[in-house]
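None of the figures in this text is laboratory data; all of them are computed from the coordinates on show. Since this is a predicted model, take the numbers as computed values, not measurements. Backbone-built Cβ (ideal geometry, glycine too); neighbour counts: all protein chains shown.
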Amino acid sequence: MLRPRRLSRVPPSFSVSVSQRPFFVRQSVRFFGGMKVHSSHTAAWVNRHIQDEYVKRAQQDQYRSRSAYKIMQMDDRYTVFRKNQVVVDLGCYPGGFSQVALERCIPSQSGGKVIGIDRLKIDPLPGMVFLHTDVRKPDATERLLRELGPRKADVVLSDLAPKLIGVRQDDHLASAELCLHAADIAEKILVADGSFVVKMFLGGQTQNYKVYLQSRFKKVHSCKPRASREESPEMFFVCKGFFGRAAFSEEVQVKSAFSHREGSPV
């Protein structure tokens, strides 16, 4: 009886240069830094990421990240963008939010502008101005103001996220600190009646931050877009109708509510 011939298992070899890889692959390589994956948990995450509906759609629609669909869904619901707007994208890497802003504001035809800022350098986007710096640096706001010139921003977006350590409380507090940085910048560059969209990881300070935003905007909506992963702790505040800083005493009271202890679940 003849037995089927056993095929030797030879690992495939790949010689595709970084510049020839699809953007989503280059993005993953950049984050993992060429690190070999030995953890079954990490391998499962990568496989789930590749099979994700919005990751596949982003590849097909040529968006740089699945987050593009998050801002689309928020814009469809709350009307964040209009033509002839100036948009500032804080933490813009890899460019998904900025791509949608460019499409929906059409700055090249209307006189608007999209300005992205991030400590990670991104591949250029036609029509976008990129500032390569950390938003937490003292000169970041000054650079934004110089780039804006006499005109203020109509919309400020913040998809800022901290480097996660896996401890939910610490990750949440780190996210809250970035949210305060983003709000501080927004207050300095937003036009009256402008809009602010900011991501935050859910936790004990979420409600305090919402109160802080309500003291500066006419309407503050909280939402989790369908494009957000179900297991993700992220949520977004969509703020409309900026009317400026509240009284200094009120600001101090709100900021003092941010402690280093986790409060009750929201």
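For Phe130, the residues whose modelled amide H falls within less than 5 Å of its own, excluding neighbours fewer than 5 places apart on the same chain, are Gly116. Taking square-rooted eigenvalues a ≥ b ≥ c of the alpha carbon gyration tensor, is region 65-256 rounded, prolate or oblate, where a/c under 1.5 means rounded and, failing that, a/b exceeding b/c means prolate? In terms of gyration-tensor shape, rounded. Applying the Karplus relation 6.51 cos²θ - 1.76 cosθ + 1.60 with θ = phi - 60° to region 94-99 yields 3J(HN,Hα) values of x, x, x, 4, 5, 4 Hz, where x marks Gly and Pro.
Stretching the chain fully between Arg136 and Arg229 yields a gain of 30.8 nm (0.36 nm per residue, less the alpha carbon separation).
Report note on the peptides 137-150, 163-176: ranked by the mean count of other C-beta atoms within 10 Å, highest first, their order is 163-176, 137-150. Show which aspartates and glutamates lie in cross-link reach of Lys219 when reach means a straight Cα distance below 17 angstrom and same-chain residues fewer than eight apart are skipped. Candidates past the 8-residue exclusion: Asp75, Asp76, Asp154, Glu187, Asp193.
Listed by chain and number, the lysines whose C-alpha is less than 17 Å from the C-alpha of Lys113, apart from same-chain residues fewer than 8 away, are Lys83, Lys152. Rounded to whole numbers, the Karplus 3J(HN,Hα) couplings from phi for region 141-154 are 5, 4, 5, 5, 4, 5, 5, 5, x, x, 9, 8, 6, 7 Hz, using 6.51 cos²θ - 1.76 cosθ + 1.60 with θ = phi - 60°, and x at Gly and Pro. Relative contact order of region 65-256: 19 percent, from C-alpha pairs under 8 Å at least 6 residues apart in sequence. When you count the other C-beta atoms within 10 angstrom of each residue and take the mean per peptide, 55-66, 225-236 line up highest first as 55-66, 225-236. Residues in region 219-225 carry Karplus couplings, in order, of 10, 10, 9, 10, 7, 10, x Hz; the curve used is 6.51 cos²θ - 1.76 cosθ + 1.60 with θ = phi - 60°, and Gly or Pro positions show x.
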